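Report on the structure given below.
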Amino acid sequence: MLHDSPARALARELETFANRGRRYRPDEWLTFLCQDVLAGFGRRLDQPWDEERRERLFQLSRTYASLVAEHPWTDLLGSVYMELSSRGQQRWLGQFFTPPAVATCMAELQLADLNDRLSAGDTLIRVLEPAAGSGVMLLALCQVVLKRHGRTALSRLSLTAVDLDPLCAAMTATQLLANAVVHGPLGELRVDHGNALTGELFETLVAVRSAPQRDDSELVPVAPIRPPESPTASSSPAPAACWGEQLSLF
């Protein structure tokens with residue numbers, strides 16, 4: 001539950017908006033929030049928001065941006081998702097995510113030899129998360145790296161995340177991209193909506209690189225796209241592809 005969680009305010013806003021207009025469910029507002037944040041980073045919306053959603057999403061994005069700034073590499077949206085699910089949203093929200101404390105413990109174990117890896121040349125340290133959920137495992141990994149080795153070490157990470165659920169993929173993309181902009185860019189980041197078991201790819205949400213091009217790189221480069229005139233600009237969807245193209249709130 002979110003009794004002492006930094007994400008409590010965000011969860012309350014989602015439920016307040018759902019109860020006020022009764023047009024969209026809380027889980028739909030969570031989806032809209034992810035779409036709006038990614039739009040601010042350069043990912044085009046299928047259609048511009050209507051007046052109701054535009055005003056409320058600006059407020060939600062402000063809350064989320066403040067939480068990201070205050071709580072580096074924390075699984076905020078996963079906590080919100082689980083809280084909404086516990087309050088009668090099981091019909092639409094059926095995922096169960098790894099608890100943050102467990103994710104942190106697993107990250108610390110996996111990174112036991114990180115000192116050796118960081119000192120062994122300047123190659124990227126590649127991490128694949130085939131069932132990303134809300135991105136909690138990769139967020140915990142980045143949190144541990146930041147705590148032990150600082151922002152510079154984050155630029156040595158190449159993260160690839162995949163999830164079959166479109167909302168989970170969107171949460172992972174939103175959280176990793178927002179944190180990378182605020183707390184230090186990653187070497188590479190790619191988030192796909194797809195099936196890691198079959199290799200089927202439905203959509204790439206984020207494909208971005210800040211590290212120099214390397215011969216051993218497997219990430220397909222994506223040409224930078226121009227930032228939209230506003231977070232509500234309408235065009236064909238495209239991956240966010242530049243660390244600098246973010247909502248002014250970040």
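The values are calculated or read from the model by the stated rules, or taken from the named source; none is laboratory data. Everything numeric in this text was worked out from a predicted model, so none of it was measured. Positions of Cβ are generated from backbone atoms using ideal geometry, with glycine treated the same way; all protein chains shown enter the neighbour counts.
Here are the numbers for this structure:
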item	result
Lone unmet requirement of (1) farther than 24 Å from LEU67 by Cβ; (2) under 15 Å from the mean Cα position of the chain (by Cα); (3) surrounded by 21 or more Cβ atoms within 10 Å (Cβ to Cβ) for LEU138	(1)
Count of segment 12-28 residues which are within 24 Å of VAL206 (Cβ to Cβ) and surrounded by 22 or more Cβ atoms within 10 Å (Cβ to Cβ)	1
Tally of residues being under 15 Å from ARG151 (Cβ atoms) and assigned to a helix (DSSP H, G or I) across segment 177-186	5
Index of the failed condition, GLY133 passing every other in (1) surrounded by fewer than 17 Cβ atoms within 10 Å (Cβ to Cβ); (2) without any contact (Cβ under 8 Å) to a residue 60 or more places away in the chain	(1)
Condition broken by GLY187, with the remaining ones in (1) surrounded by fewer than 21 Cβ atoms within 10 Å (Cβ to Cβ); (2) touching a residue at least 60 places away in the same chain (Cβ under 8 Å); (3) more than 14 Å from the chain's Cα centre (by Cα) satisfied	(1)
Hey, HIS149 surrounded by fewer than 20 Cβ atoms within 10 Å (Cβ to Cβ) and touching a helix residue (DSSP H, G or I) at 6+ places or on another chain (Cβ under 8 Å) or not	yes
In segment 125-169, the residues that are of a type in the set (S, T, N, Q) and not in a loop (DSSP other than H, G, I, E, B)	GLN143, THR152, SER158, THR160
Helices (runs of 4 or more DSSP H) (entirely within segment 15-124) containing at least 2 residues that are touching a strand residue (DSSP E or B) at 6+ places or on another chain (Cβ under 9 Å), at pLDDT below 80 and not charged (D, E, K, R)	114-119
